[in-house]
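J.: Have a look at the structure that comes next, please.
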Amino acid sequence: MNILDQIKSSVKLKIGFTVGVIVFFALSFTTAYFVFNIYQENMQNATNKIKIVAQSTASSVGKKIDQTTAMMNIHGEYLKLLRKTNGDNRLLVKNYLRTELDKNPLYHGVTVTFEPKKFDNYDADYRNKGGFYDDGRMNIYWYRENDEIIFWDEVWNFQQELDSGNGEWYSTAKELKSNTMFMDNYLISEEKQLYALMLTLTVPIMLDEAFLGVVCFDYQVSFMQEQALIAQKELFEGKANIFLVDPNGMFAASTLSDTMIYKSIDLYNKERIQNHHSHIQSGGDYLEHTKDSIFFSFPIQFQGYKENWHLMLSVPIKVIQSQANKDLMLYLFFGFIVIILSIAIMMFFVSRLIKPLKDLSKMAEEIADGNLDVDIKQVKQKDEIGKLALSFAKMSEKLKEMAKGMSSRAEQIAKRSIELSVGSANIAQGVYRQSSSIEQVSASMEQMLAAVLSNADRAKQTELIALETEHRIIVSRQVSEEAILAMKQIAQNVKIITEISKKTDILAINASIEAARAGNSGSGFAVVAAEIRKLAENTQNAAQKITQLADTSLKISVEAGTKLAEIVPKIAETTAFVREIALASNEQNITAQEINNAIIELTNLSAGYSQAADNLDSNSKELSQQAKWLKQTIAFFKFKTNGL
């Protein structure tokens, strides 16, 4: 049997196959949906993560610069307080700045420079003095070299520094009257000719709208590269790239390559970076999706500075897809586990669902084999299967009741068919005996009819003789009177015969009624038959009496004839009596004929009864055969008969 045949022959496999197909299509649709969503979600998550890391990195970088700027503002306020005091405070400021540089290793140098005569009145005392400009203005500069803090003690020409472009840190702040920030390479070791990228932060010292001077810190840009590397580790296992760009389009940090630092963005994908840079300078972030990468630029806004720095992150699409593939594989793995568990749970519940059906199927097979005593197991479910089991139990009980009832009725039919067969046999015997009796009665009636006819003929002859011997009849009047009396007795006997014939007729009618009832019992017909026999005997006796009377009448007539020969005057009366006798004989002949006809009809009815009895016997035998077949059929079913 192939798998399709197995599925067709098992409800459990049908349900499992159907659910499997549904799960397959649902899983296919869900997988396609989730694959799309996973890639979309991963792309969105990647974008969100990029934005979060960008914001975090920008915040970290901005925080350091903002803290430094805030400290510089404090220094500026402190210097403004000092300038109000009397005396020379330049040594105090020198030591103060030395301490500040010593506390912050990221500071490469600190400078305080005032406009001439804006800090104190000692500019003339410090002209051409080491560590100050040639005009003697307030100027303190500490810097690091080879991990040492050094005080700049040379005399510089302030105007020459401005003209050479090295005084931009001062001139720009003075011109804009706002914080400025410049990035440049500084020589941090003449001996080693070692340069380091520095940020020059300048905060103007203002008194109302008047420019007094500046506080300037040289800040190592290396912390930006460190922040970029930290951010890179947080993104896609270090496969993202982070860049920090100053407002002039110079790289301050790059995780892609150190060689990019302090180089212009014009050298690297100028069009895209310029596009991002323009958005940053407008104050907003910028997101760009390409076929290969995601680019995101975020502005770094430092407090007190007008221009924004630019933090840009790029992540290859294949890196995001790789993460999406991992998520997809994880989803498919858990999805496969869920499917296996779902199928297992489904098969468990299907097995529980099918088990009652299997039990009902086995019980149905036992009932089909004739076992009505099968134990219908109770199904506690309240669903359609529970209702089916309940209906099945009711059907089994009903079949058992029907089979028991049919078995009992078959037994009764068998018994009644035997009794009917015996009764029909008795009826047939009774009808046969009745028919024999009727035939005897018929023969007797024929003899009686012949005798009556003979009497009639003799009466006619007597009439002739009377006519001939009329003159003798007159003489034998007495003898004629006796003959008349005898004939009266004959008339009476004839009346008896008439009454018998009437009763016979009535009995014949009763016999017809009883014959109609013979289908139920047939016992009444025997009574009627016996009565008919008795009437037949009475009829025979009456006939004998009539014969005897006829003989007596003959003798008397002979004697009368003898006497009539002697009694001529009485002949006329004798002739009249003889005529009456002839008439009576004719009437007797008619009556006897009617009785004979009734007996013939009774004989025909008896033959019909006999045929009906034979048919009844045949039907009773057929009924017995049918009862036997019914018992054999019911015997196919097996059930307990206790209580029946």
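The values are calculated or read from the model by the stated rules, or taken from the named source; none is laboratory data. All of these numbers come straight from a predicted model, not from anything done at the bench. Neighbour counts are summed over all protein chains in view; Cβ atoms, including those assigned to glycine, are modelled from backbone coordinates with ideal geometry. SASA here: full protein model, heavy atoms, side chains in, ligands and nucleic acids out. Shrake-Rupley method; radii C 1.70, N 1.55, O 1.52, S 1.80 Å.
J.: Using the Cβ atoms and a cut-off under 11 Å, what net charge is assigned to the surroundings of residue 239, where Lys and Arg are +1 and Asp and Glu are -1?
T.: +1
J.: From the phi angles alone, apply the Karplus equation (6.51, -1.76, 1.60; θ = phi - 60°) to segment 593-599 and give each ³J(HN,Hα) in whole Hz, x where the residue is Gly or Pro.
T.: Computed from phi, the couplings for segment 593-599 are 4, 5, 4, 5, 4, 4, 5 Hz.
J.: For residue 200, what residues show an amide H to amide H distance below 5 Å, using hydrogens built from the backbone and excluding near sequence neighbours?
T.: It is 182, 183, 184, 219, by chain and number.
J.: Additional query: Projected area of segment 189-240, taken from the Cα convex hull and averaged over every viewing direction, in nm²?
T.: For segment 189-240, averaging the hull's shadow over all directions gives 6.6 nm².
J.: Rolling a 1.4 angstrom probe over the protein heavy atoms, how many square angstrom per residue are accessible across segment 33-140?
T.: Working: 5370 Å² over 108 residues.
On a per-residue basis, segment 33-140 sits at 50 Å².
J.: Would you kindly derive the ³J(HN,Hα) couplings of segment 149-164 from the backbone phi angles with the Karplus curve 6.51 cos²θ - 1.76 cosθ + 1.60 (θ = phi - 60°), listing them in order in whole Hz, with x for Gly and Pro?
T.: Values per residue, Gly and Pro as x: 9, 10, 8, 6, 10, 8, 9, 10, 8, 5, 5, 4, 5, 5, 5, 7 Hz.
J.: Just flag the chymotrypsin sites (Phe, Trp or Tyr not before Pro) in segment 169-252 sitting in loop per DSSP whose Cβ has no more than 14 other Cβ atoms within 10 Å.
T.: Of the chymotrypsin sites (Phe, Trp or Tyr not before Pro), not one in the loops of segment 169-252 has a Cβ with at most 14 other Cβ atoms within 10 Å.
J.: What spacing in nm lies between the two simple spin-label points modelled at residue 447 and residue 196, each 7 Å away from Cα in the Cβ direction?
T.: Those two pseudo-labels are separated by 17.4 nm.
J.: Amide H neighbours of residue 150 under 5 Å, at least 5 residues apart or on other chains, H built in the peptide plane: list them.
T.: 143, 144, 145
J.: Heavy-atom accessible area per residue, segment 582-625, 1.4 Å probe: how many Å²?
T.: Per residue, segment 582-625 has 55 Å² of solvent-accessible surface.
J.: I want to check the label-to-label distance for residue 589 and residue 340. Put each point 7 Å from Cα in the C-beta direction and report it in nm to one decimal.
T.: 12.6 nm
J.: Suppose R0 equals 41 Å. What FRET efficiency, 1/(1 + (r/R0)^6) with r the Cβ-Cβ distance, do residue 362 and residue 415 give to the nearest 0.05?
T.: Efficiency, from the Cβ-Cβ distance: 0.60.
J.: Express in nm, to one decimal, how much length is gained between residue 626 and residue 464 on full extension, taking 0.36 nm for each residue of separation and deducting their alpha carbon distance.
T.: Between residue 626 and residue 464, full extension yields an extra 50.9 nm.
J.: Stretch residue 580-residue 559 to full length: gain in nm at 0.36 nm per residue minus the Cα-Cα span?
T.: Between residue 580 and residue 559, full extension yields an extra 5.7 nm.
J.: Could I have the simple spin-label model distance between residue 37 and residue 351, label points 7 Å from Cα toward Cβ, reported in nm to one decimal?
T.: 3.3 nm
J.: For residue 492 and residue 516, what is the calculated FRET efficiency with R₀ set at 45 Å and r taken between the beta-carbons, to the nearest 0.05?
T.: Given R0 = 45 Å and the Cβ-Cβ separation, E is 0.75.
J.: Continuing with the same structure: Give me the number: length gained by fully extending residue 210 to residue 604, i.e. 0.36 nm times residue separation minus the C-alpha to C-alpha distance, one decimal in nm. Write out the running numbers ahead of the final one.
T.: Working: separation 394, 0.36 × 394 = 141.84 nm, distance 16.46 nm.
Full-extension gain reported as 125.4 nm.
J.: Counting other Cβ atoms within 10 Å of each Cβ, which GluC sites (Glu not before Pro) in segment 131-205 have at most 12 and sit in a DSSP loop? Write out the running numbers ahead of the final one.
T.: On the way: sites: 145, 148, 154, 161, 168, 175, 190, 191; in loops: 154, 190, 191.
For GluC sites (Glu not before Pro) across segment 131-205 that sit outside H, G, I, E and B with at most 12 neighbouring Cβ atoms in 10 Å, the list reads 154, 190, 191.
J.: Something else now. Set the Förster radius R0 to 35 Å, insert the Cβ-Cβ distance between residue 425 and residue 399 as r into 1/(1 + (r/R0)^6), and round the FRET efficiency to 0.05.
T.: 0.35
J.: While we're on this one: So what J values fall out for segment 244-258 if you push phi through Karplus, 6.51 cos²θ - 1.76 cosθ + 1.60 with θ = phi - 60°, rounded to Hz, Gly and Pro as x?
T.: Once θ is set to phi - 60°, the couplings for segment 244-258 become 10, 10, 7, x, 8, x, 9, 6, 9, 7, 7, 7, 6, 6, 5 Hz.
J.: Then there is this: Starting from the amide H of residue 255, placed 1.01 Å from N in the peptide plane, find each other amide H under 5 Å away whose residue is 5 or more places distant or on another chain.
T.: 242
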